[in-house]
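**Student:** Take this structure first; my questions come after.
The values are calculated or read from the model by the stated rules, or taken from the named source; none is laboratory data. All values reported here derive from a predicted model rather than from experimental measurement. Every residue, glycine as well, gets a Cβ built from its backbone with ideal geometry; the counts of neighbours run over all protein chains shown.
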Amino acid sequence: MRMLWGAALAAGLGLGVAAATALALEGDPAAGEARYAENCVNCHGRTGRGMASFPSIQGRDAEFIVDRLLSYRAREMVGANSALMFSLSEELTDQQIVDLAAFISTAFP
């Protein structure tokens, strides 16, 4: 399943310019799945339930995932594991973020 969000919709949701730009991209769940396996599975688990102090991402929609990853990439503190997420997200492109969001929001409803 592919997702396409317009900048106007993102702006209407109260998201920032970076989130609006990212959401205007088309997410590729297959690419997101590959990135998830490479970067996310060790902490969030194969089913997105998280483990230990790492939070569950089950039931999170694409907008939440995009917003959170952009916040981490901007080095904004949003939770106990923010510092860890800074280093993991700083290399992600907008496209990779949208791909992850497309995968997570469909694979872990």
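**Student:** From Ala8, Ala18, grab the single residue that is part of a helix (DSSP H, G or I), of a type outside the set (Ser, Thr, Tyr), modelled with pLDDT under 90 and surrounded by 15 or more Cβ atoms within 10 Å (Cβ to Cβ). If you could, list the steps in order and put the result at the bottom.
**Tutor:** Numbers: Ala8 fails: surrounded by 15 or more Cβ atoms within 10 Å (Cβ to Cβ).
Being part of a helix (DSSP H, G or I), of a type outside the set (Ser, Thr, Tyr), modelled with pLDDT under 90 and surrounded by 15 or more Cβ atoms within 10 Å (Cβ to Cβ) holds for just one of Ala8, Ala18, which is Ala18.
**Student:** Additional query: Please determine, by comparing only the residues of the range 47-81 that are of a type outside the set (A, V, I, L, M, F, W, C) and part of a helix (DSSP H, G or I), which one is nearest to Leu25 (Cα to Cα).
**Tutor:** Residues of the range 47-81 that are of a type outside the set (A, V, I, L, M, F, W, C), as a first pass: 47-50, 53, 55-56, 58-61, 63, 67-68, 71-73, 75-76, 79, 81.
The next check asks that each one be part of a helix (DSSP H, G or I); those that pass are 63, 67-68, 71-73.
Values: Glu63: 12, Asp67: 14, Arg68: 16, Ser71: 18, Tyr72: 19, Arg73: 17 Å.
This residue is Glu63.
For (1) at positive phi; (2) touching a residue at least 12 places away in the same chain (Cβ under 8 Å); (3) of a type outside the set (A, V, I, L, M), each residue gets a yes or a no:
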site	(1), (2), (3)
His44	no, yes, yes
Gly48	yes, yes, yes
Ala52	yes, no, no
Ala62	no, yes, no
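**Student:** Just to verify a result, which residue in the range 44-63, among those that are touching a helix residue (DSSP H, G or I) at 6+ places or on another chain (Cβ under 8 Å) and among the hydrophobic types (A, V, I, L, M, F, W, C), is surrounded by the fewest Cβ atoms within 10 Å (Cβ to Cβ)?
**Tutor:** Only one residue fits best here, namely Met51.
**Student:** Which one is farthest from Arg35 (Cα to Cα) among residues in the range 82-101 that are among the charged types (D, E, K, R) and assigned to a helix (DSSP H, G or I)? Spell out how you get there, then give the answer.
**Tutor:** Narrowing the range 82-101 to residues among the charged types (D, E, K, R): 90-91, 94, 99.
Those left that are additionally assigned to a helix (DSSP H, G or I): 94, 99.
Working: Asp94: 13, Asp99: 8 Å.
Only one residue fits best here, namely Asp94.
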